[in-house]
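Below: the structure, in structure tokens.
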Amino acid sequence: MLKGIDNRLNAEVLGCLRAMGHGDVLILADTNFPAEAVARATVTGRVLRMENLTAAEAAKAILSVLPLDTFVEDFAGRMEVVGAPDQVPAVQGEVQAEIDRAEGRPRPMVAVERFAFYDLARQSFAVIQTGERRFYGCFMFRKGVIPPDA
């Protein structure tokens, strides 16, 4: 245990988040996502796990230490529902609320078509698989920067 660090962040996840640079992409995936296969193509080359957490719980923990990119519109994304791209399932609304809380203002995620999401995931820094069982609990976070002290 560490002071000031969310105890849901395990050592592997913390190491990964620390190693990422500005603009690197992190995938937060549900239990149905082909995480093992996709993660082999990522920078880390293996899947990381936060398997006892919902997507929103994992997002809250991650966003407690990971700044989101402020220079791009696709700072965060959600996998589109097949056949209903404008639909926002409850799981996606919960993660959006965690993003808004971390950012201190509403900042909507972009929608990413399912197969485009898989392609993005293969090019990402890492895939973290959660215990989320609801469909479309897959998200992308693009790492931002932490400014120097004034």
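Each reported figure results from applying straightforward, stated rules to the coordinates on display, with no laboratory input. Note that the structure is predicted; figures quoted are calculated from it, not measured. Positions of Cβ are backbone-derived with ideal geometry, glycine not excepted, and every protein chain shown enters the neighbour counts.
With the cut-off at 1.5 for a/c, could you classify region 9-67 from its C-alpha gyration tensor as rounded, prolate or oblate?
Working: a/c = 1.68, a/b = 1.06, b/c = 1.58.
Judged from the Cα gyration tensor, region 9-67 comes out oblate (a/c at least 1.5, b/c at or above a/b).
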task = Obtain the nm distance between the two label points defined at D119 and N10 by a simple spin-label model: each point lies 7 Å from its Cα along the Cα-to-C-beta direction.
result = 3.2
query = Which Cα, out of P67, G104, G83, lies furthest along the positive dipole direction of the chain (beta carbon charges, K/R +1, D/E -1)?
reply = P67
query = Which one of A90, A35, A102 has the biggest mean-square fluctuation once the chain is modelled by GNM with Cα springs under 10 Å?
reply = A90
query = So what's the back-of-envelope 222 nm ellipticity for the chain, counting only DSSP H runs of four-plus at -39500 (n - 2.57) apiece and dividing by all residues, rounded to 500?
reply = -8500 deg cm²/dmol
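Using Cα pairs under 8 angstrom and six or more residues apart, how large is the relative contact order of region 11-142, in percent? If you can, show how the numbers build up before the last one.
Numbers: 247 pairs, mean separation 66.1, N = 132.
Once divided by the residue count of region 11-142, the mean separation gives 50 percent.
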inquiry  = Need one word for region 24-103: rounded, prolate or oblate. Basis is the Cα gyration tensor (sqrt eigenvalues a ≥ b ≥ c); a/c below 1.5 gives rounded, then a/b vs b/c decides.
reply    = rounded
ask   = Which length gain, in nm to one decimal place, applies between R18 and V43 when the Cα-Cα distance is subtracted from 0.36 nm times their residue separation?
value = 7.6 nm
remark   = Under the rule rounded for a/c under 1.5, else prolate if a/b exceeds b/c, else oblate, using alpha carbon gyration tensor axes a ≥ b ≥ c, the chain is classed as rounded
